[in-house]
Amino acid sequence: NRRKKKDDNILEIPSIPNPFPELCCSPFASVLSASLLPKATSRKKQVIKVYSEDDTSRTLEVPSDITARDVCQLLILKNHYIDDHSWTLFEQLTHTGLGKAIEDHELVMEVQSNWVVEEESKLYFRKNYAKYEFFKNPLSFFPDHMISFPSEINAAVSHSGILQMFLSSSTYPEIHGYLHAKEQGKKSWKKLYFLLRRSGLYFSTKGASKEPRHLQFFCEFSNSDMYMSLTGKKISGAPTNYGFCFKPNKSGGTRDLKQLCADDEQSRTCWMTAIRLLKYGMQLYQNYMQPYQGRSGCSPLSITPMRSISENSLVAMDFSGHRSRIIENPTEALSVAVEEGLAWRKRGCLRLNSHGSPIAMSNMGMSIHRSQSWFHHKISREEAQRLILQHGLVDGVFLVRDSQSNPKTFVLSLSHGLKIKHFQIVPLEDDGKLFYTLDDGHTRFTDLIQLVEFYQLNKGVLPCKLKHYCARIAL
């Protein structure tokens, strides 16, 4: 009782006001009100596994609300890669042979929640140069014969205006053309006339008629995702290799897929790009603009496409005079490249290897390219096309590989005009010296590195310059 009375006397003493309430906290009452305290957000951690092209993988513990772009940024930092805004997270369904690029804003855990165990789904980290290419070069993505405009709009719409219409909520251009469709529950394919409108995808039951009574609804996109066929004709028996499909969320398997197939790559690219814009709209615009935020007065449709790292670092220069100068003339650049190549070869003959003996330059010239990221040893034509397609069919995406038909030659595989073309690199011997050429000996190079660097600066006999190389990165 005496202790209780003593405690009561202590509590009756008036407390001295605290002049600095923000620096301390009373054990009896909180100094700060509950409204001023930050809310305790319980961000659950999840584990994801990401693969690279060489099948190496990395396991990451990430928040449950992480986006695809954040995962890419995390892997860029962990692996010390250069961020050129083309890194992308891909979803690949191995069992069904389907794949798609996960949009930068999409939540990775939501994507994984739609996976089915038997699909053997994986996440891949790779570059996709075509991710936002339609903002920079819409002409290649929307050919005139596949697009039409509402009657109240003048038909003479610029290609930048087409993108404005795609992003607008009031108007929407119509995409139309023939596609092969696989009938539900059957193995047969039927060629039908399709129309893409804001309300969804339709096909005509009577030729190419657009009358409402002849149009039948095929698919809408709010509850389904669009995938590209990675296996071509093998699994689905499609009439061409340019297939894509719509997979409902939480689907039970291949029986729920709505499969389509285009006649060529340009047609498939147009359909898939238009559907992306229809589904995500302004969100794609914001994803594209995010790397450029902070630049004053920049418009996404007027931004000059960023040059690649390799292109920025390669400029033809002349250092023979008192002052250096950039060589603008391609003919002069060619002669300088050949002369420099011969001089480099002579200097290389004087180099010593680790044992102190001269290096055999003929052997060195044959193997020096193997350490380059753009060289792929003994891959097939189909594998080369698959790699380029995964990196995006942008003009200038390339790789160099061994020729399977002729073991002594090499092949340059290059993307141009939404097509993949292959050029044979032939070794040529002259006066006991070995050269490489793409144009029957008119332009000669001492090794493949010099050849690639030259065509990164000059188009020459190629349809375009070499810009982006396909590389098998490791995680």
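The values are calculated or read from the model by the stated rules, or taken from the named source; none is laboratory data. As the structure is a prediction and not an experimental result, all values here were calculated from the model. Don't worry about glycine lacking a Cβ; one is built from the backbone with ideal geometry, like all the others, and counts go over all protein chains shown. When the accessible area is computed, the model is the full protein with side chains, heavy atoms only, and any ligands, DNA or RNA have been set aside. Shrake-Rupley method; radii C 1.70, N 1.55, O 1.52, S 1.80 Å.
Summary table below
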{"item": "Subset of the range 196-214 that is in a loop (DSSP other than H, G, I, E, B) and among the polar types (S, T, N, Q) - its residue that is surrounded by the fewest Cβ atoms within 10 Å (Cβ to Cβ)", "result": "S199"}
{"item": "Residues of the range 215-242 that turn out to be open to solvent by less than 50 Å² (accessible area, probe 1.4 Å), within 23 Å of the chain's Cα centre (by Cα) and of a type outside the set (S, T, Y), as a count", "result": "5"}
{"item": "Candidate set: the range 162-195, residues that are part of a strand (DSSP E or B) and over 15 Å from C261 (Cα atoms); chosen: the one most open to solvent (accessible area, probe 1.4 Å)", "result": "E174"}
{"item": "Matching residues in the range 106-147 - criterion: being open to solvent by 50 Å² or more (accessible area, probe 1.4 Å), part of a loop (DSSP other than H, G, I, E, B) and either assigned by the TED database to the domain that holds E91 or under 17 Å from I48 (Cα atoms) (or both)", "result": "W115, E120"}
{"item": "Looking only at the range 411-421, and only at residues there that are touching a Lys or Arg at 6+ places or on another chain (Cβ under 7 Å) and of a type outside the set (S, T, N, Q), the one that is farthest from Y242 (Cα to Cα)", "result": "V411"}
{"item": "Residue in the range 243-255 that is over 20 Å from the mean Cα position of the chain (by Cα), loosely packed, with under 14 Cβ neighbours inside 10 Å and under 26 Å from K131 (Cα atoms) present", "result": "yes"}
{"item": "Output for the range 45-65, where each listed residue is touching a strand residue (DSSP E or B) at 6+ places or on another chain (Cβ under 7 Å) and open to solvent by less than 60 Å² (accessible area, probe 1.4 Å)", "result": "I48, V50, Y51, S52, E53, S57, L60, V62, P63, S64"}
{"item": "Whichever residue in the range 424-475 is over 30 Å from C72 (Cα atoms) and basic (K, R) and, among such residues, is surrounded by the fewest Cβ atoms within 10 Å (Cβ to Cβ)", "result": "K459"}
